[in-house]
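Q: Attaching a single structure in structure tokens format; questions to follow.
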Amino acid sequence: MKPDSFEAPDYYNLDDLLSDEHKLVRDAARQWVKREVSPIIEDYAQKAEFPHQILNGLAEIGAFGPYIPEEYGGAGLDQISYGLIMQEIERGDSGVRSTASVQSSLVMYPIYTYGSEEQKKKFLPKLASGELMGCFGLTEPNHGSNPGGMETKFKDGGDHYLLNGAKLWISNSPFADIAVVWAKNEEGRIHGLIIERDMEGFSTPETHNKWSLRASATGELIFDNVKVPKENLLPNKSGLGAPLGCLDSARYGISWGAIGAAMDCYDTALRYAKERVQFGKPIAAFQLQQKKLAEMITEITKAQLLSFRLGQLKNEGKATSAQISMAKRNNVDMALKIAREARQMLGGMGITGEYSIMRHMMNLESVVTYEGTHDIHLLITGADITGIPAFN
Ligand SMILES: Cc1cc2nc3c(=O)[nH]c(=O)nc-3n(C[C@H](O)[C@H](O)[C@H](O)COP(=O)(O)OP(=O)(O)OC[C@H]3O[C@@H](n4cnc5c(N)ncnc54)[C@H](O)[C@@H]3O)c2cc1C
């Protein structure tokens, strides 16, 4: 792969709106990605392996629990810093960002927000340092876009709960030490349970043959009469709103992450267009190529403003789920379109692993589907503005 000479586009001087802390956090993540992710990621994606050696570095740049308070081992940062870290990591690879998103927003967030004090003290510091890795089990073979229909269930077994069922498409599951799993009790109410790797009857087979997120490990969670200690139930929230709250936090991070992937594709295409000569001129001199580049930077700039404002609203505790849906949907779609255009601008070279674009493009096919599909987020906006849900 080419050396990483990425330069971030900032057409509307967004940096002027960032604090010194934001820029420090962002630049540290950017340098780390250049040093530790860019040189190895293409190789790991080609091999379809997760690069475990980067876990310590992810912890060091604050990617595990950026907004979790320092007393629980988190970085104690605001929502914009969280977004900027996700942007930089996904600039490297969406699979690596997925690992960080799951750990922070889908494992640490529910333990911090819905967990007991004992659960927080036991798990959060180790999750923040990467000593423990987690995964999040919501999706099932028969229930993706409608998780409320889930069939995984638990019943009271006296001094423990007995858990049965299966989850599919679970990021990090093949190597996770713990799983935050959503299951129904005997009354059909959804609760979160912390499942630990060594519990009997719990297995995590890996999903192979993915063309997307190849440097991220994805798998199943199988529960065959797993005895779960009662103290592993998250006590402070139940119902579908509990997992959806986690998704809000992850989707917000994805809205920033997608900007990172788009920036990388744009920067690569711009650089290539200025260097590649055809018909005696750099291809950047042709109007058709300029149109592509001009539209890319326009869309990236709009996405940056959307996520920045959403970050302000999140910092004030005012961001709604529907606002988050809009940003996730818009920014991932924007990144996917930019990846496709940028790929074409590199001609034949665009399909090789010499450049990051094709990998971003394939990764984004997962990002546009997970954490709520493109269509489902549109329906969320539709329901929000009309007051009429059109899901069924
Ligand atoms: C690589 C990867 C990693 C993932 N990681 C995780 C994870 O860590 N944890 C986890 O719990 N899940 C995870 N997921 C699962 C992901 O969230 C689901 O794939 C997603 O929610 C869609 O569910 P589905 O695949 O079952 O598709 P379906 O729900 O079957 O949807 C199929 C199509 O139908 C459309 N559709 C569905 N309902 C409607 C409707 N009412 N109106 C119009 N169109 C509709 C959808 O938009 C989609 O286009 C991951 C998925 C992938 C691919």
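Q: For the range 281-375, list the helices (runs of 4 or more DSSP H) that sit wholly inside it and hold at least 1 residues that are aromatic (F, W, Y) and under 20 Å from the mean Cα position of the chain (by Cα); which are they?
A: The helices (runs of 4 or more DSSP H) meeting that bar are 287-315.
Q: Could you pull out the residue among E200, E187, E196, E117 that is assigned by the TED database to the domain that holds Q53 and surrounded by fewer than 19 Cβ atoms within 10 Å (Cβ to Cβ)? Steps first, answer last, please.
A: Values: E200 fails: assigned by the TED database to the domain that holds Q53; E187 fails: assigned by the TED database to the domain that holds Q53; E196 fails: assigned by the TED database to the domain that holds Q53.
Only one candidate qualifies: E117.
Q: Report, ordered by the first and then the second residue, all pairs with beta carbons closer than 7 Å, sequence separation of six or more or different chains, a first member in the range 266-282 that is modelled with pLDDT of 95 or more, and a second member that is among the hydroxyl-bearing types (S, T, Y).
A: That search, which allows pairs on different chains as well, returns T268/Y355; T268/S356.
Q: Okay, next question. Consider only pairs whose beta carbons are under 6 Å apart and that are at least six residues apart or on different chains; among these, list those whose first residue lies in the range 195-210 and is within 19 Å of Y161 (Cβ to Cβ) and whose second residue is of a type in the set (V, I, T) and within 16 Å of the ligand (Cβ to nearest atom).
A: These pairs meet every condition: I195/V181; E196/I178; F202/I195; S203/I222.
Q: Related question: Looking only at the range 201-257, count every residue that is farther than 22 Å from G144 by Cα, more than 14 Å from the ligand (Cβ to nearest atom) and in a helix (DSSP H, G or I) and tell me the total.
A: 4
The values are calculated or read from the model by the stated rules, or taken from the named source; none is laboratory data. Small disclaimer: the values here were computed from a predicted structure and weren't measured. For neighbour counting, all protein chains shown are included, and Cβ atoms are generated from backbone atoms with ideal geometry for every residue, glycine included.
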